[in-house]
1. At a threshold of 8 angstrom on Cα-Cα distance, excluding pairs fewer than six apart, so keeping six or more, what relative contact order does the chain reach in percent?
2. Can you sort 62, 49 from fewest to most other Cβ atoms within 10 Å of each residue's own Cβ?
3. Counting other C-beta atoms within 10 Å, which of 122, 30, 98 has the fewest, and how do the rest follow?
4. Please give, to one decimal in nm, the separation of the simple spin-label points placed at residue 8 and residue 37, each 7 Å out from Cα toward the Cβ.
5. Restricting to DSSP H runs of at least four residues, report the calculated mean residue ellipticity at 222 nm for the chain, -39500 (n - 2.57) per run over all residues, nearest 500 deg cm²/dmol.
6. Label-point separation (nm) for residue 100 and residue 174, each offset 7 Å from Cα along Cα-to-Cβ?
7. Work out the FRET efficiency for residue 152 and residue 25 from their Cβ-Cβ distance, taking R0 = 41 Å, and round it to the nearest 0.05.
8. What's the long-distance tail for segment 1-71, i.e. % of Cα pairs beyond 18 Å?
Amino acid sequence: MGAGDLSAALWQERRQLDLLLFRLETQRLHVLAGNLQWLSFTSAEVEAVLDRLRFEALARSVESAAVAAEWGLPAQAALNELAAAAPPGAWPDVLADHLEGLRALLRQLDDAARTGEATLRHLGRPGGPGMSPGPCAGRGATAQPDTAGVLDQLTMAGNIERALAVVRRSPQPLLAQYLGG
């Protein structure tokens, strides 16, 4: 274990954050294009990246604690503290580059999550692109609802709620905390 392993863990985490951004943007573009049949799949893809990110965060935490101990810092030292305490050489610059790159990714991720949530909220509004008029719309007061139409609406509403929940989990507050002030 050492700074090289920490750097490798940070690269892996950055790669997963890039993939998360891609998946969120893909989901948003499918929704905007009206490809709502893919909403459950895109949500599952975002969830899969979030699961991998949890693993990457754990690996980074282990490597970071080891480097912090090696450099005389508390195990929970933030990345900015590690970069400041790094021994002379390449490590201060390498860790500062990771810090800058991760902060930029978190800003992009926050923007993508906000935009994705707004898009999905618009989709779920009655009369919005994802919701059709009620099952009895345009019929007489005694008409029976179209069961298939009701099921489709319920399925779509469930897919939208799941997608919203996944998008809301996308920001990485623990990573932001790790990066430090």
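Values in this text are rule-based calculations from the coordinates and carry no lab data. All of these numbers come straight from a predicted model, not from anything done at the bench. Cβ atoms come from the backbone with ideal geometry, glycine included; neighbour counts cover every protein chain shown.
1. Relative contact order for the chain comes out at 29 percent.
2. Working: 62 15, 49 20.
Arranged by neighbour count, lowest to highest, 62, 49 become 62, 49.
3. In order of increasing Cβ crowding within 10 Å: 122, 30, 98.
4. My value for the distance between the label points is 4.4 nm.
5. Per the formula, -25500 deg cm²/dmol.
6. Calculated label separation equals 2.8 nm.
7. 0.95
8. 49
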